[in-house]
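To keep things clear, I will list the structure first and then write my remarks on it.
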Amino acid sequence: MDNTIINIGFNCSNEYAYITGVAIASILKNANIDDNIHIVILHKDIPIYKQNLIKSLTQIRPCTIEFRLVDNKVFADYKNLEFGTGYEYSNYRLKIASICNDLDKIIFLDSDVLVMKSLSLLWNLDIANYHIAAVCDFGRNVIKNYTLKDKDRFPNISVNTGVLLCNLKKWREDNSEEKIRESYKWYIKNYAHWPDQQALNITFKNSIYYLETKYNLGVLAYINHLYDDEDEFLNGIKESVILHYCGAYERPWLCPSAFYAAEWWQIARLTPFYEALLVYACDYKGLFMIQDLCNKLVSVGEDLHIKISYAMCKVFKFLPFEFIKKKYQYYKNKHDMFKSIKNNNWHCHNYRYYY
Ligand SMILES: [Mn+2]
């Protein structure tokens, strides 16, 4: 393995700084001894004292940690309908090729990840002929149905962009940022959800290198039955490289009793902001936030699809076919979960009884 510098990028807000810090601590704790790591954090508002605390994570293991201030004005065209203004930083990854114009390649990660192993194998994959490398999205059928009438604009299998390996040299050669901007503008005119992810899927439709599931494992998505193919997750978790706490709202920093939260807190304990994270988790407002978000999730209308599929499987489950029984169980789980959300019973206090 060569010893080139592994560039790893994050976008981050002041509010998420320590959570991103835990992701960084996990990279450092689990790196190989000869990994040469450079971390770039794109931000707009992280105060110096927090930057210094995050930089002190080099005590876990030597590396370089750099903060780059991004001008929000550059993102005036990227209004995020889903989250509103103030969340522009979630789109910073759409312009990494110009913000990081000194780098030819970068692993770009969401803040809600935990890295379990060295990223050197991921880094050394040959993606010279591709713009991005990413893992298939766990709930790609939901996304596919959501945008069905425009299906030709999207790749056959869409990817989750929480873990990205980007060929920035190719982005610059092909003027990809302009294309991403066009995709984004078209998307938000027609749809609301996941605009940054969808803009990348549209733009790089024919230039995606598909990564193994182990590089982006939606642990909460799995426990909430959001995986289209649960075996995909079960195979990937055996050799997990990156855990991703997406697709659900019981994040480990809000719900320390949730699935795979213990692993996250084990890393959090290595950081100088462990106590700050503890206090944050104790804040009961976190629980209301989860309920609120769950109710919004139901309003997306996904539950209608579940309801119909569940009713159909119920009728046919007596037939002697294993796959129908499997589908029935799958939709029953989902149906029960949505029912529980509707009754407002679904947050981390009863989470452990529920599963
Ligand atoms: Mn995420």
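A short reminder: the numbers here are calculations on the coordinates, not readings from a lab. Since this is a predicted model, take the numbers as computed values, not measurements. Note: ideal-geometry Cβ built from the backbone for every residue, glycine included; neighbour counts use all protein chains shown.
Things worth noting here:
- For the range 129-144, backbone nitrogen atoms closer than 19 Å to the point 7 Å from A192 Cα along Cα-to-C-beta are found at 142-144.
- Total charge dipole magnitude, the chain, about the Cα centre, Cβ charges on Lys, Arg, Asp, Glu only, Debye to nearest 20: 920 debye
- Taken over the range 1-83, the alpha-carbon convex hull comes to 118 cubic angstrom per residue.
- Charging the Cβ of each Asp and Glu at -1 and of each Lys and Arg at +1, and nothing else, the dipole of the range 100-192 about its Cα centre rounds to 340 debye.
- Cβ-placed point charges (K, R +1; D, E -1), dipole of the range 9-167 about Cα centre in debye, nearest 20: 180 debye
- Per-residue extension of 0.36 nm, minus the Cα-Cα distance of Q329 and N145, leaves a gain of 64.1 nm for this segment.
- Positive contributions from Lys and Arg (+1) and negative ones from Asp and Glu (-1), summed over other residues with Cβ under 13 Å from the Cβ of F154, come out at +3.
- Greater than 25 Å apart at Cα, pairs in K73/K214; K29/K169; K238/K326; K95/K185; K117/K325; K50/K238: K73/K214; K29/K169; K117/K325; K50/K238
- Secondary structure note: in the range 5-279, about 35% of the DSSP beta bridges are antiparallel.
- The slack in the chain from Y210 to S309, taken as 0.36 nm per residue of separation less the alpha-carbon distance, amounts to 32.7 nm.
- Remark: the D45-F316 segment gains 92.0 nm on full extension, using 0.36 nm per residue and subtracting the alpha carbon distance.
- Solvent-free Debye scattering, log10 I(q)/I(0), computed from the Cα coordinates of the range 126-278 at q = 0.17 Å⁻¹: -1.04
- With the charge dipole of the chain set up from +1 on Lys and Arg Cβ and -1 on Asp and Glu Cβ about the Cα centre, the Cα lying farthest toward the positive end among the listed residues N7, I107, Y227 is that of Y227.
- Which of V135, V279, V142 has the fewest Cβ neighbours within 10 Å, and the rest in rising order: V279, V142, V135
- For the range 103-208, the equivalent ellipsoid derived from the Cα gyration tensor has semi-axes of 23, 17, 12 Å, listed largest first.
- Helix axis angle, 176-190 relative to the chain longest principal axis, alpha carbon, degrees: 30 degrees
- Positive-end residue, the chain charge dipole about Cα centroid, Cβ charges, pick of Y209, V315, Y49: V315
- Once both labels are positioned 7 Å from their Cα atoms along Cα-to-Cβ, the gap between D229 and N156 label points is 1.2 nm.
- Across the alpha-carbon set of the range 86-139, the Rg to Rh ratio works out to 0.97, Rh being the Kirkwood radius.
- Solvent-free Debye scattering, log10 I(q)/I(0), computed from the Cα coordinates of the chain at q = 0.07, 0.12, 0.13 Å⁻¹: -0.30, -0.92, -1.09
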